[in-house]
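For reference, the structure is listed below as structure tokens.
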Amino acid sequence: MKKIVLFAYNGEIMCFSHVMLYALDFFQKGYEVNVIIEGSATRLIKDLAVPDAPFHALYSEVRKNQLIGGICQACSSKMGTLGEARKQGLPIVGELNGHPSLERYVKAGFRIFTF
């Protein structure tokens, strides 16, 4: 199985929309995919959950296919969206001083992309 992890740090919606598109593309082509939401990108989850928001359908498709591997505990706390992440049932990750570990994915054989 080919494994891909996409780390999204950039909080600009157009960048994050591409992360979601890439995740779905890899998934539909048979890859194991994880999207990790980090940095200022963590603030996007609140707006993306609103049904009439731009890219809501894309975000819903990513969530439906369980492609979100986690949201950074420390960054979502800092950006004020940790509660929203919990409300949405997103996995909270923070094994590296509150942040996700890249090493965990390297060890598991994932190819890492950062945005």
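On the stretch given as segment 13-32, residues that are in contact (Cβ under 8 Å) with a residue 24 or more places away in the chain and either of a type in the set (D, E) or assigned to a strand (DSSP E or B) (or both) total 1. For segment 33-42, filtering for residues that are over 15 Å from F113 (Cβ atoms) and either touching a residue at least 40 places away in the same chain (Cβ under 8 Å) or touching a strand residue (DSSP E or B) at 6+ places or on another chain (Cβ under 8 Å) (or both) leaves 1.
Here I71 passes the criteria (1) in contact with a Pro (Cβ under 9 Å, 6 or more places away or on another chain); (2) part of a loop (DSSP other than H, G, I, E, B) except the one numbered (2). With the checklist (1) more than 18 Å from G11 (Cβ to Cβ); (2) assigned to a helix (DSSP H, G or I); (3) touching a residue at least 12 places away in the same chain (Cβ under 8 Å) in hand, flag the one item I45 doesn't pass. So I45 meets the others, but not (1). Only one entry of A74, A57, A53 meets the criterion of being exposed (fewer than 13 other Cβ atoms within 10 Å of the Cβ), over 13 Å from the mean Cα position of the chain (by Cα) and among the aliphatic types (A, V, I, L, M), and that entry is A57. The number of residues in segment 1-21 being in contact with a strand residue (DSSP E or B) (Cβ under 6 Å, 6 or more places away or on another chain) and at pLDDT 95 or above comes to 8. Against the test of being surrounded by fewer than 16 Cβ atoms within 10 Å (Cβ to Cβ), more than 18 Å from F115 (Cβ to Cβ) and not basic (K, R), the options E84, E95 yield a single qualifying residue, E95. Filtered by the rule that a residue be β-branched (V, I, T) and surrounded by fewer than 20 Cβ atoms within 10 Å (Cβ to Cβ), segment 5-39 gives a lone residue, I13.
The values are calculated or read from the model by the stated rules, or taken from the named source; none is laboratory data. Here the structure is a predicted model, which is why all the values come from computation and not from measurement. Every residue, glycine among them, receives a Cβ derived from its backbone with ideal geometry; neighbour counts consider all protein chains shown.
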